[in-house]
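Nothing in this text is a laboratory measurement; each read-out follows from the coordinates by a stated rule. This one's a predicted model, so the numbers in the text were calculated from it and none came from an experiment. Methodologically, a virtual Cβ is constructed for each residue, glycine included, from the backbone with ideal geometry; neighbour enumeration extends over all protein chains shown.
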Amino acid sequence: RKEVEQDPGPFNVPEGATVAFNCTYSNSASQSFFWYRQDCRKEPKLLMSVYSSGNEDGRFTAQLNRASQYISLLIRDSKLSDSATYLCVVRVTGYSTLTFGKGTMLLVSP
Amino acid sequence: DAGVIQSPRHEVTEMGQEVTLRCKPISGHNSLFWYRQTMMRGLELLIYFNNNVPIDDSGMPEDRFSAKMPNASFSTLKIQPSEPRDSAVYFCASSSVPGQVGGQETQYFGPGTRLLVL
């Protein structure tokens with residue numbers, strides 16, 4: 001079983017739509033969780049950290065469900081500029097390294 | 001401020017040749033990570049350094065791969081001899097907080113080196 005699993009997509013949505021991605025992780029010792037964004041032919045960049053109580057940053061909302069070991073990202077009012085691959089990332093307790101999912105591709109169309 | 005700098009940005013070489021990738025982390029960062037990204041396997045950690053010392057190289061594919069960090073501002077990843085299956089994008093990343101349990105420190109990625117081995 002892969003450590004971090006994501007639906008690769010692509011998710012095709014019109015501008016203004018709401019879209020949600022889920023991610024599951026296998027290691028129950030995972031402590032820290034993040035969403036990174038990667039534009040085509042660019043490097044990954046941190047989008048937001050994911051906190052136990054859930055957190056929001058503008059149009060983006062991240063949720064964590066430790067019991068079910070999944071993380072979600074909700075994007076409201078999608079913009080063309082949101083088109084990218086969204087990487088789910090976890091870190092296991094006691095380690096510095098990050099484990100990346102393969103990413104979910106989002107395409108927002110006019 | 002300059003981000004993570006990688007060179008070359010693109011490299012095309014023939015099987016059997018030596019390839020050296022270079023990375024300059026963000027000034028003041030004391031953790032450095034080398035990743036490889038392919039469509040099939042996604043983003044994989046190869047090795048990481050903390051205060052210039054290799055901490056975990058379990059992701060290095062085989063003996064053909066080696067990495068060094070002679071000082072806080074420079075690291076190399078070398079492949080010798082290179083093979084077509086090494087073709088990938090190689091990213092270097094750095095962060096400022098080493099090994100903080102449960103920390104939320106951000107890893108900053110360089111633009112990557114696109115390697116094609118023919």
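Return the percentage of antiparallel bridges among DSSP beta bridges fully within chain A, rounded to the nearest 5 %. Antiparallel: roughly 90 percent of the beta bridges in chain A.
Hull volume per residue, based on the alpha-carbon atoms of chain A and their convex hull, is 96 Å³. Peptide A:38-44 shows a mean partner chain C-beta count of 5 within 10 Å per residue C-beta. Relative to a virtual label point 7 Å from the Cα of residue B:87 in the Cα→beta-carbon direction, which members of the stretch B:25-61 show backbone nitrogen distances below 15 Å? Inside the label zone: B:37-41. Per residue of B:40-50, other chain Cβ atoms within 10 Å of the residue Cβ number 3 on average.
Computed from phi, the 3J(HN,Hα) profile of the stretch B:110-116 under the Karplus parametrisation 6.51, -1.76, 1.60 (θ = phi - 60°) reads x, x, x, 10, 8, 10, 10 Hz, with x in place of Gly and Pro. The charge dipole of the protein assembly as shown, taken about the Cα centre with unit charges on the Cβ atoms of Lys, Arg (+1) and Asp, Glu (-1), comes to about 100 debye, rounded to the nearest 20. In a reduced charge model with +1 at each Lys and Arg Cβ and -1 at each Asp and Glu Cβ, chain A shows a dipole moment near 240 debye about its Cα centre. Computed from the C-beta positions of residue A:28 and residue B:44, the FRET efficiency with R₀ = 25 Å rounds to 0.70. Placing a label point 7 Å from the Cα of residue A:59 along the Cα-to-Cβ line, the residues of the stretch A:1-42 whose backbone N sits under 14 Å from it are A:13-20.
Model label points for residue B:27 and residue B:53, set 7 angstrom from Cα along the Cα-to-Cβ axis, are 2.6 nm apart. Basic side chains Lys and Arg get +1 at the Cβ, acidic Asp and Glu get -1 at the Cβ, and with that the dipole of the stretch B:33-118 about its Cα centre reaches some 220 debye. Candidate cross-link partners of residue A:42 among the lysines, defined by an alpha-carbon separation under 20 Å and a same-chain spacing of 8 or more, comprise A:79, A:102, B:24.
With only the Cα atoms considered, the protein assembly as shown has a convex hull volume of 127 Å³ per residue. Between the exposed loop cleavage positions of chain B, defined as GluC sites (Glu not before Pro) in a non-H, G, I, E, B DSSP state with at most 13 neighbouring beta-carbon atoms within 10 angstrom, the longest gap is B:63-118. Scalar couplings 3J(HN,Hα) for the stretch B:30-45, obtained by applying the Karplus form with A = 6.51, B = -1.76, C = 1.60 to θ = phi - 60°, are 10, 10, 9, 10, 10, 10, 10, 10, 10, 4, 6, 10, x, 9, 10, 6 Hz; x denotes Gly and Pro.
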